[in-house]
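Worksheet: one structure, shown below.
The values are calculated or read from the model by the stated rules, or taken from the named source; none is laboratory data. Only a predicted model underlies this, so the values are computations on that prediction, with no experimental measurement involved. Here the Cβ is made from the backbone with ideal geometry for all residues, glycine too, and neighbour counts use every protein chain on show. We work out accessible area using only protein heavy atoms, side chains counted, and drop any ligands, DNA or RNA first. Shrake-Rupley method; radii C 1.70, N 1.55, O 1.52, S 1.80 Å.
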Amino acid sequence: MPALLAVAIAALMSALITWISRPLLQRYALARPNARSSHRIPTPQGAGIAVIAATLLVALPWAAWANVAIPLALVIATVVIAIVGFADDIVSLPVLVRLALQAACVGAVVFTAPETARVVSALPLSLERGLILLAGVWFVNLVNFMDGLDLMTVAEVVPVTAALLLLGLLGDLSWPAVLIATALCGAMLGFAPFNKPVARVFLGDVGSLPIGLLLGWCLLELAWSGQIAAALLLPAYYLADSTITLFRRIARREQFWSAHRAHFYQRATDNGFTVLRIIGEVFLVNLVLAALAVLTVRSGSAMVTLLALLAGALTVTFELRRFSRPQSS
């Protein structure tokens, strides 16, 4: 199946399921605004059901047709973590329960990977897998944390998955990851019209958590192929915004696991940025990071990689500083 056709099918499927499910979500999964929300009117959440369903319903048959093996553990973990997210959307699960179930899902993916899949071969395998587990749980959660503004997750996931697709077509990424990334890209594009400001529906945890798992696995596959710099550059804005915010909240002795409006992109709305401007700038930053990531892979040069990492760090730093300062009239 051509990649563009897969993107189109996933987009149509995601849009159709979102449109069909929205009335039910309006009735049973309504997100009501509070002091920490970015939205002002009650809005249904849970459209991530459509995104994840479209992703799997396109990627799995495509993999079977192309004789490509997508790990069964990844598929099961995606479904389970989506169910956990949906339950949390409806009844709000305790923090420790959520973390335990997320860790189980990430662990199932990480510890069933082949022993030959290594990022830093100098480390003992058990230590490396343990560190990847911690990083995976954090990545799943940071995608959830960063899903706090209309189109924000679209502005992140579409450039990253498009770059992964390009790397796959160039022969630099395993095909299982390419199929997942391609289908996820299309599914997010199909969801986007429903989430543009002012959003008619949100992803909810049922979407953001499994998206974090699938995207994190694709990036891990990229790192396992030896492209660690590219795997760090692609999600660099999300990593920086969420991780810096986490450490700031810990330093202030806040309940860092609770809802808040301390992320840089959230502070930007208080500093005079419109939602569309924030999303547009994040999208452009992610395009720059995607270009730098592809450059590191294709150049094969250590010097180019170091310069690309520096350029990516400067780009993200510049954007975070912009968001943290009030706009002049």
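May I ask you to verify whether residue 149 is modelled with pLDDT under 95, touching a Phe, Trp or Tyr at 6+ places or on another chain (Cβ under 7 Å) and not in a loop (DSSP other than H, G, I, E, B)?
no
Assess whether residue 254 counts as being outside any loop (DSSP other than H, G, I, E, B) and either among the charged types (D, E, K, R) or exposed (fewer than 15 other Cβ atoms within 10 Å of the Cβ) (or both).
So residue 254 fails the test.
Kindly provide the set of residues from the range 146-194 that are closer than 22 Å to residue 245 by Cβ and either among the charged types (D, E, K, R) or touching a strand residue (DSSP E or B) at 6+ places or on another chain (Cβ under 9 Å) (or both), ordered by number.
147, 150, 156
Identify, from the list 248, 267, the residue that is open to solvent by 70 Å² or more (accessible area, probe 1.4 Å) and of a type in the set (Lys, Arg).
After applying the criteria, what remains is 248.
So that you can scan it fast, the table gives a plain yes or no per residue for (1) assigned to a loop (DSSP other than H, G, I, E, B); (2) among the hydrophobic types (A, V, I, L, M, F, W, C):
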{"position": "215", "(1), (2)": "no, yes"}
{"position": "218", "(1), (2)": "no, yes"}
{"position": "221", "(1), (2)": "no, no"}
{"position": "226", "(1), (2)": "yes, no"}
{"position": "230", "(1), (2)": "no, yes"}
{"position": "237", "(1), (2)": "no, no"}
{"position": "240", "(1), (2)": "no, yes"}
{"position": "245", "(1), (2)": "no, no"}
{"position": "249", "(1), (2)": "no, no"}
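Mind listing whichever residues of the range 225-242 are at pLDDT below 95 and open to solvent by less than 50 Å² (accessible area, probe 1.4 Å)?
Scanning the range 225-242 gives a single hit, 242.
For the range 276-314, enumerate the residues that are touching a Leu at 6+ places or on another chain (Cβ under 8 Å), without any contact (Cβ under 8 Å) to a residue 60 or more places away in the chain and open to solvent by 40 Å² or more (accessible area, probe 1.4 Å).
Of everything in the range 276-314, just one residue is touching a Leu at 6+ places or on another chain (Cβ under 8 Å), without any contact (Cβ under 8 Å) to a residue 60 or more places away in the chain and open to solvent by 40 Å² or more (accessible area, probe 1.4 Å), namely 304.
Could you grab me the full set of residues in the range 126-138 that are small (Gly, Ala, Ser) and either open to solvent by less than 30 Å² (accessible area, probe 1.4 Å) or more than 29 Å from residue 245 (Cα to Cα) (or both)?
126, 130, 136
When you go through 4, 56 one by one, which is the residue that is at pLDDT below 95 and within 21 Å of residue 183 (Cα to Cα)?
4
Quick one: how many residues across the range 299-329 are part of a helix (DSSP H, G or I) and either in contact with a Lys or Arg (Cβ under 7 Å, 6 or more places away or on another chain) or more than 10 Å from residue 230 (Cα to Cα) (or both)?
Residues flagged as part of a helix (DSSP H, G or I) and either in contact with a Lys or Arg (Cβ under 7 Å, 6 or more places away or on another chain) or more than 10 Å from residue 230 (Cα to Cα) (or both) within the range 299-329 amount to 20.
If residue 202 meets every condition in (1) within 17 Å of residue 21 (Cα to Cα); (2) at pLDDT 95 or above apart from one, which number is that one?
Among (1) within 17 Å of residue 21 (Cα to Cα); (2) at pLDDT 95 or above, residue 202 violates only (2).
If you scan the range 228-243, which residues turn out to be of a type in the set (A, V, I, L, M, F, W, C) and under 17 Å from the mean Cα position of the chain (by Cα)?
Answer for the range 228-243, where residues must be of a type in the set (A, V, I, L, M, F, W, C) and under 17 Å from the mean Cα position of the chain (by Cα): 230, 231, 232, 233, 234, 236, 239, 240.
Here are some conditions: (1) open to solvent by 10 Å² or more (accessible area, probe 1.4 Å); (2) under 23 Å from residue 101 (Cα atoms); (3) of a type outside the set (A, V, I, L, M, F, W, C). Residue 210 meets all but one. Which one does it not meet?
Residue 210 satisfies all of (1) open to solvent by 10 Å² or more (accessible area, probe 1.4 Å); (2) under 23 Å from residue 101 (Cα atoms); (3) of a type outside the set (A, V, I, L, M, F, W, C) except (1).
Could you check the range 16-47 and list, in sequence order, the residues that are within 16 Å of residue 204 (Cα to Cα) and at pLDDT 95 or above?
17, 18, 19
Give me the pairs: first residue in the range 57-86 and under 21 Å from residue 11 (Cβ atoms) and of a type in the set (Phe, Trp, Tyr), second residue part of a loop (DSSP other than H, G, I, E, B) and open to solvent by 30 Å² or more (accessible area, probe 1.4 Å), beta-carbon distance under 9 Å, and six or more apart or on different chains, which are they?
62/1; 62/68; 65/1
Please state which of the following conditions residue 3 fails to meet, knowing it meets all the rest: (1) within 18 Å of residue 203 (Cβ to Cβ); (2) touching a helix residue (DSSP H, G or I) at 6+ places or on another chain (Cβ under 8 Å); (3) open to solvent by less than 70 Å² (accessible area, probe 1.4 Å); (4) not polar (S, T, N, Q).
Result: residue 3 fails condition (1) only.
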